[in-house]
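To start, the structure itself, in structure tokens.
The values are calculated or read from the model by the stated rules, or taken from the named source; none is laboratory data. Since the structure is predicted, the reported quantities are computational estimates derived from the model, not experimental observations. Quick reminder, even Gly has a Cβ in these numbers, built from the backbone with ideal geometry, and neighbours come from all protein chains shown. These accessible areas exclude ligands, DNA and RNA; they are computed on the full protein's heavy atoms, side chains included. Shrake-Rupley method; radii C 1.70, N 1.55, O 1.52, S 1.80 Å.
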Amino acid sequence: MKSVLLIGMGKFGQTLGESLLAMGDEVMIVDKNEEIVNRLASKYTDAVIVNAMNEENLRALDIPSFDACVVAIGEDFQSSLEITSLLKDLGAKWVVSKATTEIQRKFLLKNGADEVVYPDRDLAEKLAVKLNSSKVFDYIELNSEYSIFEIAVPSHWVGKTLIELNPRKKHNINVLTIKKENAVVPTLEPTYVFAPGDHMLVFGNTKKILAFTNKNE
């Protein structure tokens, strides 16, 4: 369980807040919009109506006590930048800020953000990947070159073993585990026989995995 300070309760902030609550985290929300905070307050550990650009207002929240602080403001970059800087100055352990452009990302990192997220860009990239391969169900980008993908097992792999197919050598992809509907194979043995409907979690170079999935459509 984490303690999270969530500043900015627009659509992104509300979606993130609900996800954090579902994971059992303690979440304090902050927004200067009284109507929004009053409407959401009952769901959260605490809720405060303040202007987070004021240093004294933030100081009163005991910033170092939170495991993470999220600046979820997207429509006012200047506010996001100033709040990010103030949080770090006040002893925040980990600051995550929202950006909509590469320039914003650079400024936020220079002004105290430990991590910057691009919700719109990330969603667009995931959609582009899925549109280009019906075999891709999800993926996590680890960096600019490598990712973990959830993909369908090619039909011609069914009935064959992992060691027989040897995807690491033949296709430069590493099969991490197998998903069967809602279950996961905890230990993937080399003698595992692929079955119809199996999904693979694979790790490797993003371009090579996409080429593999497109080839096996």
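Observations
- Segment 10-27, residues that are open to solvent by less than 30 Å² (accessible area, probe 1.4 Å) and either modelled with pLDDT under 90 or closer than 15 Å to residue 96 by Cα (or both): 13, 17, 20, 27
- Pairing each residue of segment 11-22 that is within 16 Å of residue 42 (Cβ to Cβ) and free of Cβ contacts under 8 Å to residues at least 24 places away in the same chain with any residue that is open to solvent by less than 60 Å² (accessible area, probe 1.4 Å) and aromatic (Phe, Trp, Tyr), provided the two are 6+ apart or on different chains, yields C-beta distances under 8 Å for 21/44.
- In summary, residue 32 fulfils each of the numbered conditions (1) surrounded by 15 or more Cβ atoms within 10 Å (Cβ to Cβ); (2) of a type outside the set (S, T, N, Q); (3) at pLDDT below 95; (4) within 21 Å of the chain's Cα centre (by Cα) with the single exception of condition (4).
- The one condition in (1) modelled with pLDDT of 95 or more; (2) within 23 Å of the chain's Cα centre (by Cα); (3) over 18 Å from residue 109 (Cα atoms) that residue 7 fails to fulfil: (3)
- Counted residues, segment 172-184 - those being under 17 Å from residue 209 (Cα atoms) and open to solvent by less than 60 Å² (accessible area, probe 1.4 Å): 5
- Cβ-Cβ under 6 Å pairs, at least 6 apart or on other chains, segment 132-151 side closer than 15 Å to residue 177 by Cβ and open to solvent by less than 90 Å² (accessible area, probe 1.4 Å), far side modelled with pLDDT under 90 and in a loop (DSSP other than H, G, I, E, B): 151/135
- Of the residues making up segment 157-170, those that are open to solvent by less than 100 Å² (accessible area, probe 1.4 Å) and either within 20 Å of residue 117 (Cα to Cα) or not in a loop (DSSP other than H, G, I, E, B) (or both) are 157, 161, 162, 165, 167.
- Members of segment 40-64 found to be closer than 22 Å to residue 25 by Cα, open to solvent by less than 70 Å² (accessible area, probe 1.4 Å) and in contact (Cβ under 8 Å) with a residue 24 or more places away in the chain, listed by number: 40, 44, 52, 58, 61, 63, 64
- If the condition is being surrounded by fewer than 16 Cβ atoms within 10 Å (Cβ to Cβ), within 18 Å of residue 5 (Cβ to Cβ) and among the acidic types (Asp, Glu), then segment 90-119 contributes only 115.
- Pair list, Cβ < 6 Å and 6+ apart or interchain, from segment 97-115 residues that are part of a loop (DSSP other than H, G, I, E, B) to residues that are of a type in the set (A, V, I, L, M, F, W, C) and open to solvent by 70 Å² or more (accessible area, probe 1.4 Å): 114/94
- Segment 185-214 - residue that is over 17 Å from residue 139 (Cβ atoms) and either out of contact with any helix residue (DSSP H, G or I) (no Cβ under 9 Å at 6 or more places or on another chain) or part of a helix (DSSP H, G or I) (or both) and, of those, most open to solvent (accessible area, probe 1.4 Å): 186
- So residue 37, is it open to solvent by less than 20 Å² (accessible area, probe 1.4 Å) and touching a Lys or Arg at 6+ places or on another chain (Cβ under 7 Å): no
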